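All remarks here apply to the structure that follows.
The values are calculated or read from the model by the stated rules, or taken from the named source; none is laboratory data. Here the structure is a predicted model, which means the values were calculated and not measured. In this analysis, Cβ positions are derived from the backbone assuming ideal geometry, glycine residues included, and neighbour counts consider all displayed protein chains. Ligands, DNA and RNA are excluded from the accessible area calculation, which covers all protein heavy atoms including side chains. Shrake-Rupley method; radii C 1.70, N 1.55, O 1.52, S 1.80 Å.
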Amino acid sequence: MNASAPTSAETLRRTLGGLLDGLPPKQATAAVERLIASYRGQTPTDAPVLRDRSDVAAYAAYRMPATFEAVRGALDGLAEAAPDWAPASHVDVGGGTGSATWAVDATWDGPRETTVLDWAEPALALGRELAAASTSEVLRAAAWRRAVIGSGLTLPEADLVTVSYVLGELTAPARTAVVAEAARAGQAVVLIEPGTPEGYLRIREARDQLIEAGLHIAAPCPHDGTCPIEVGQDWCHFSARVSRSSLHRQVKGGSLPYEDEKFSYVAATRFPTEPAASRITRKPQIRKGLVLLELCGPEGSGLTRVNVTKRQGDLYKAARDVDWGQAWPPAP
C-alpha cells in the first residue's frame, strides 16, 4: 500500500481549495444546492448535469473529498485482501473530476496507466486541471476521455476497474450493461455507491452479477454466498470521516470541522485473495470492560454479535481499537 496516502489527501484538499477563487460564494452555494437536488438518480445519461466550469468547480469542491475518502475506504478493503497485488492499469468509469483516480494513487504506488471515462467534458477538463496540479506522475499522466456511460460501453482491459457513485444515475438496463462490461474488462472490479438502502441494493445486485460472471468477492464480504441481510430490514454500509471545507459549512450550515460519508461497496477479483474471516458491520459499542461487535461472518454463519470482554486480554485491547468496516479478528 502507498505510504503517501495522507499526502495525497492533503494535496487534493489544497488543490480543491483554489477552485472557487473568483466565483462569488452565493453562486457557488446555489450551484451546489441545485446539483445536490438533481445529480443522483434523477438525470438521464444523455443530459448534462454539470453544465459548465462553475458547476463543476462548485460540485468538485463540495463532493470530491467525500467521494475520495469513500473510494479509498473500499480500495483499502481490496488491498487488505490482496496485500501482494497492485494494479498496473486502472480504468475509472464515470470518473468525472477524478476522485477515484486520486484514491487509487493514494492506495498503491502506481498504476502506470490510468484512464478516466466520463461523458461530461467540463468534468473531464477540470479533472485534467486538478491532476496537473498534483505531485503524482501517475495522475499527471492519466488519460481523460469522453464516453457515454451506459449500454454499449466498451472498456479497455485493465487490472482494476472502478465505478463509483455512478450506478444510481443509470437506468436498470444500463446498470446491468456497465457492471457486465466492468466484469469482462477488469481483473479486479470495485463498485461504490452511497450508503443508503437504495445504494446498498444496487451494490447487492451488482455483487450477484459479478459472481455470476466468474469473479470472487474480496471485500467487504467474507464469502461469495448470498448476503445474509434481509432486504428491507437493514443494509450493509460503512463510514469514512471527511474534513469539511468552508463550502461544506456554508451550504449545510454546520459548525463541525468534519462529516461522515456513508457508502456501500463491493470489490471482486479474478485472482485469489484472502477475504476477512469476518467483517465489522456497525460501529463497535464500547462499554466498561466490554466491546460489542456486530459481524458478518463466513458463509452460513449469517450476522452475529460478539462480546469481547476484558478477560480476553490482547483480543479485548484489539477490539477497543478496531473500527467499523475492519476485518475481525485482527491479523496476528
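At a glance:
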| quantity | calculated |
| --- | --- |
| Of all residues in region 214-245 being more than 14 Å from Cys296 (Cα to Cα) and in a loop (DSSP other than H, G, I, E, B), the one that is least open to solvent (accessible area, probe 1.4 Å) | Leu215 |
| Per-region count, region 181-213, residues within 22 Å of Ala158 (Cβ to Cβ), open to solvent by 10 Å² or more (accessible area, probe 1.4 Å) and in a strand (DSSP E or B) | 1 |
| Hits in region 126-152 - residues which are touching a residue at least 60 places away in the same chain (Cβ under 8 Å) and either closer than 19 Å to Asp105 by Cα or charged (D, E, K, R) (or both) | Leu126, Leu130, Ala133, Ser134, Thr135, Ser136 |
| Some residue of region 168-180 being surrounded by 19 or more Cβ atoms within 10 Å (Cβ to Cβ) and over 20 Å from Thr67 (Cβ atoms) | yes |
| Complete set of residues in region 293-305 that are surrounded by 15 or more Cβ atoms within 10 Å (Cβ to Cβ) and free of Cβ contacts under 8 Å to residues at least 24 places away in the same chain | Glu294 |
| Any hit, region 122-144, residues being open to solvent by 10 Å² or more (accessible area, probe 1.4 Å) and farther than 23 Å from Arg13 by Cα | no |
| Residue within region 126-138 that is part of a helix (DSSP H, G or I) and basic (Lys, Arg) present | yes |
| Matching option when the condition is modelled with pLDDT under 80 and surrounded by fewer than 18 Cβ atoms within 10 Å (Cβ to Cβ), among Asp84, Asp46 | Asp46 |
| Tally, over region 195-221, of residues that are of a type in the set (Gly, Ala, Ser) and closer than 17 Å to Ala177 by Cβ | 2 |
| Region 87-107, residues that are assigned to a loop (DSSP other than H, G, I, E, B), over 20 Å from Leu170 (Cβ atoms) and open to solvent by 10 Å² or more (accessible area, probe 1.4 Å) | Ala88 |
| Flag if Ala66 is open to solvent by less than 10 Å² (accessible area, probe 1.4 Å), at pLDDT below 95 and out of contact with any helix residue (DSSP H, G or I) (no Cβ under 6 Å at 6 or more places or on another chain) | yes |
| Tally, over region 278-315, of residues that are closer than 24 Å to His216 by Cα and in contact with a strand residue (DSSP E or B) (Cβ under 7 Å, 6 or more places away or on another chain) | 11 |
| Subset of region 57-111 [touching a residue at least 24 places away in the same chain (Cβ under 8 Å), of a type in the set (Asp, Glu) and out of contact with any Lys or Arg (no Cβ under 9 Å at 6 or more places or on another chain)] | Asp76, Glu80, Asp92, Asp105, Asp109 |
| Any hit, region 150-167, residues being of a type in the set (Asp, Glu), farther than 29 Å from Lys26 by Cβ and at pLDDT 95 or above | yes |
